[in-house]
Amino acid sequence: MTDKVAKLVIGDQTHEFPVLSGTVGPDVLDIRSLYAKTGMFTYDPGFTSTAACDSAITYIDGDKGELLYRGYPIEQLAEKSNYLEVCYLLLYGELPTKTQFAEFEKLVTRHTMVHEQMHYFYRGFRRDAHPMAIMTGVVGALSAFYHDSTDINDPQQREIASIRMIAKMPTIAAMAYKYSVGQPFVYPKNDLDYASNFLHMCFSVPAEDYKVDPRIARAMDLIFTLHADHEQNASTSTVRLSGSSDANPFACVAAGVACLWGPAHGGANEAALNMLREIGTVDRIPEFIARAKDKNDPFRLMGFGHRVYKNFDPRAKVMQQTAKEVLSILGVENNPTLQVAQELERIALEDQYFIDRKLYPNVDFYSGVILDAIGFPTSMFTVLFAVARTVGWISQWKEMIGDPQKKIGRPRQLYNGSPNRDYAPLESR
Ligand code: CMC
């Protein structure tokens, strides 16, 4: 809270509203009393100027291109930490001690298996179903399998539901993949770390040994870390809104998965790689740049632009470097898709249209190139995003449930439909 107030003049009436300050970032006008004082609502479709909650988890400065998890810059976490440590940080607010980390890792590892009956649940889906469709269904079904952790008023149940989701999401995602390619499900292996275990469940088969390349596992872990949380984005806001009605956490995360699927959000990594492939060769880039600038053409450069970042997405920088490293480890440095991506980025960043609108590559621009090189089909890209973002959704959900100011989310509207009118009987219409 500051001593600042904002004054709103409507006709001959002046109303005062407190201005609240966070630790960093823009101040906010506290308009909770607006309707009571003025009989008016605010109008902000897309929430471009609306802070919907208090949060102490993730901070973004879009002009600087800065992303902090609990105050730590993403670049430092990407270089020095690992995904499970980041999970602990997001969930509990501080980096773990050695003992805390060992206990947390053991707890997550011991919950990676899913209820055996869930195997049959998958069989209800068509083999050619999109894995995100399967994810939405299976994650939603978790509350039917784990009844003992759906009471949101019990802190112990909230805790166990959180651990279950972080632990089981890679297993559920790998099973969605295995189901789509007609291979047997692979059980988790407790002696592998989080990322290696995920690669093992996706790519090993019972017929032969599979050894996870630690360098590829490190890249996978990095992708998870970069996607772990991102403040009040569309899917996180969906999770919070669902949770505001006291729905159980599995149902809330399923709602988040559904929202993430859209191409304007998590679906952009799949769309970005499809676009790079469609461009195919660098000589075709100008044609696609022209289409992106043409207001009569719905085409947009996928993996470009962001609601909050008006500078380089800091995750994209790490992702670009990782893409080069992974392709070099795999001996495919001359990958044509990476070449198209790099040249497209160079041309777009020099183009006045993109400069004026502050459109830079976002996290999804390079992630697809890496995931493709590792061997994932494009339809799995958003699934991997969902695996990584689960901890963010859960951390934000837990924060909301513990907030004494929590209220059911209930936006209002500017009504533009017909005013009150009388029903006309069918025979008179
Ligand atoms: N290509 C071409 N023009 C663009 C693009 C783009 N990718 N993004 C925005 N613009 C233009 C847009 O046409 C508008 O131009 P004008 O002012 O002349 O009408 C201006 O830039 C502002 O765009 P906006 O749609 O008002 O911005 P927004 O904040 O509502 O949208 C966005 C943000 C991410 C949805 C949008 O940039 C976009 O559609 N990007 C492509 C999809 C994508 O990469 N999404 C992943 C986002 S990062 C990961 C995640 O959060 O899931």
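The values are calculated or read from the model by the stated rules, or taken from the named source; none is laboratory data. Source: prediction; values computed, not measured. Every residue, glycine as well, gets a Cβ built from its backbone with ideal geometry; the counts of neighbours run over all protein chains shown. Remember, those area values only see protein heavy atoms, side chains included, never the ligands or the DNA or RNA. Shrake-Rupley method; radii C 1.70, N 1.55, O 1.52, S 1.80 Å.
Among the criteria (1) under 28 Å from L199 (Cα atoms); (2) in contact (Cβ under 8 Å) with a residue 12 or more places away in the chain; (3) of a type in the set (S, T, Y), the one Y120 does not fulfil is (2). Within the range 200-221, the set of residues being assigned to a helix (DSSP H, G or I), open to solvent by 20 Å² or more (accessible area, probe 1.4 Å) and among the hydrophobic types (A, V, I, L, M, F, W, C) comprises just one member, F203. Scanning the range 25-39 for residues being open to solvent by 90 Å² or more (accessible area, probe 1.4 Å) and either in a loop (DSSP other than H, G, I, E, B) or out of contact with any His (no Cβ under 6 Å at 6 or more places or on another chain) (or both) gives a total of 5.
For the range 356-368, the count of residues that are in a helix (DSSP H, G or I) and surrounded by fewer than 24 Cβ atoms within 10 Å (Cβ to Cβ) is at least one. Within the range 354-377, the set of residues being more than 17 Å from the chain's Cα centre (by Cα) and over 23 Å from K64 (Cβ atoms) comprises V369, I370, D372, A373, I374, G375, F376, P377.
Restricting the search to helices (runs of 4 or more DSSP H) fully inside the range 232-318 and requiring at least 1 residues that are of a type in the set (D, E) and open to solvent by 10 Å² or more (accessible area, probe 1.4 Å) gives 268-279, 285-293. Applying the criterion of being free of Cβ contacts under 8 Å to residues at least 60 places away in the same chain and open to solvent by 20 Å² or more (accessible area, probe 1.4 Å) to the residues of the range 331-344, the residue that is farthest from the ligand (Cβ to nearest atom) is G331. Here L68, L84 are screened, and the one residue that is among the aliphatic types (A, V, I, L, M), touching a residue at least 60 places away in the same chain (Cβ under 8 Å) and either open to solvent by less than 70 Å² (accessible area, probe 1.4 Å) or assigned to a helix (DSSP H, G or I) (or both) is L84.
Screening the range 95-177 for helices (runs of 4 or more DSSP H) wholly inside it with 2 or more residues that are modelled with pLDDT of 95 or more, more than 22 Å from G266 (Cβ to Cβ) and open to solvent by 10 Å² or more (accessible area, probe 1.4 Å) returns the ranges 98-109.
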